[in-house]
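I have placed the structure first, in the form of structure tokens, so that the comments after it can refer back to it.
The values are calculated or read from the model by the stated rules, or taken from the named source; none is laboratory data. This is a predicted model, so every value here is computed, not measured. Don't worry about glycine lacking a Cβ; one is built from the backbone with ideal geometry, like all the others, and counts go over all protein chains shown.
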Amino acid sequence: MAYVPVFIRPQSLRALIVGSGFVGTSRAKKLKDLGAEVTVVSLEDEPKLREYGIDVIVADARELNEEFFSRFHIVFVHTGNPDVNRVICEKVRRSGRLCDDPLDMSRSDLIFPVYYANDVVQVAVTSYGNLTLFAEEVLQKIKEFLENEKVINLGKAVTVLKPLLKDKVKDPKVRNKLYRLIYYDSKFRELAEKGEFEEAKLRALEVIGNVVE
């Protein structure tokens, strides 16, 4: 399936959730917690969602027009009915917006993956709408690797490389060469993995000097 992973700041999103069942409610609350502006369309009022700070519109989403859907960046359709999902996603697409239909991945423009983030890296995993438990198991194995102290230290050490090289080297082609030379330099990696960040930075400067001067 041809999907491209993209990380988006949720604070900039206006998200619409169609359906207020268990999945729709969970998705709405998750997006709200992440900072998105969330609206739910439901056949019945949902006071608990309103209390959560989520806008609720009582309506049959099939009767809403394309102009309505165009007010949102993304639409998640969780009605539990494939035919209803199809009708809504068709309107969403005609409005120029992205639609997620978990009941039919062939109609989905996006996937909401399981993900993990720490101070130095973020990863996301999807099973393409199949069993989420499988994606969660894969993510757990990745998480175990990423929480290794050496990996975290290396991630912290490389955060200085980009500003350091931009300051020292103006030619982007030379910078790209140096990124690889420094990152795979055994001495730099050894110091970085030990958490000796200042020494690792000095080693990076040494490698830069060997190439630039």
Handout entry: Output for the stretch 195-213, where each listed residue is without any contact (Cβ under 8 Å) to a residue 24 or more places away in the chain and within 23 Å of V120 (Cα to Cα)
Key = E196, E198, E199, L202, R203
Completion exercise
Within the stretch 111-126, residues surrounded by 15 or more Cβ atoms within 10 Å (Cβ to Cβ) and of a type in the set (A, V, I, L, M, F, W, C) come out as I111, F112, V114, V120, V123, A124, V125
Completion exercise
Conditions (1) within 18 Å of P102 (Cα to Cα); (2) of a type outside the set (V, I, T); (3) in a helix (DSSP H, G or I) -> L49 fails only (1)
Problem - Test for A192: is it assigned to a helix (DSSP H, G or I) and in contact (Cβ under 8 Å) with a residue 40 or more places away in the chain - result: no
Practice task
Considering each of D104, D109, D100 in turn, give the residue that is of a type in the set (D, E), touching a Pro at 6+ places or on another chain (Cβ under 7 Å) and either within 23 Å of G19 (Cα to Cα) or in the same structural domain as R14 (by TED's automatic domain parsing) (or both).
Solution key: D104
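For the stretch 107-124, state whether one or more residues are outside any helix (DSSP H, G or I) and farther than 30 Å from E147 by Cβ.
yes
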Practice task
Show the residue pairs that are 6+ apart or on different chains and have beta-carbon atoms under 6 Å apart, the first residue being within the stretch 151-178 and within 16 Å of N210 (Cα to Cα), the second being of a type in the set (K, R) and surrounded by 15 or more Cβ atoms within 10 Å (Cβ to Cβ).
Solution key: L165/R175; V169/R175
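Just to be sure before I move on: is R62 basic (K, R) and in contact with a strand residue (DSSP E or B) (Cβ under 6 Å, 6 or more places away or on another chain) in the structure I sent?
Here the answer is no, as R62 does not meet what is asked.
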Fill in the blank from the handout: Taking the stretch 146-179 and keeping only residues that are charged (D, E, K, R) and either farther than 25 Å from A117 by Cβ or part of a loop (DSSP other than H, G, I, E, B) (or both), one is left with E147, D167, K168, K170, D171, K173, R175, K177
Problem - Test result for K29, out of contact with any strand residue (DSSP E or B) (no Cβ under 7 Å at 6 or more places or on another chain), under 21 Å from T126 (Cα atoms) and in a helix (DSSP H, G or I) - result: yes
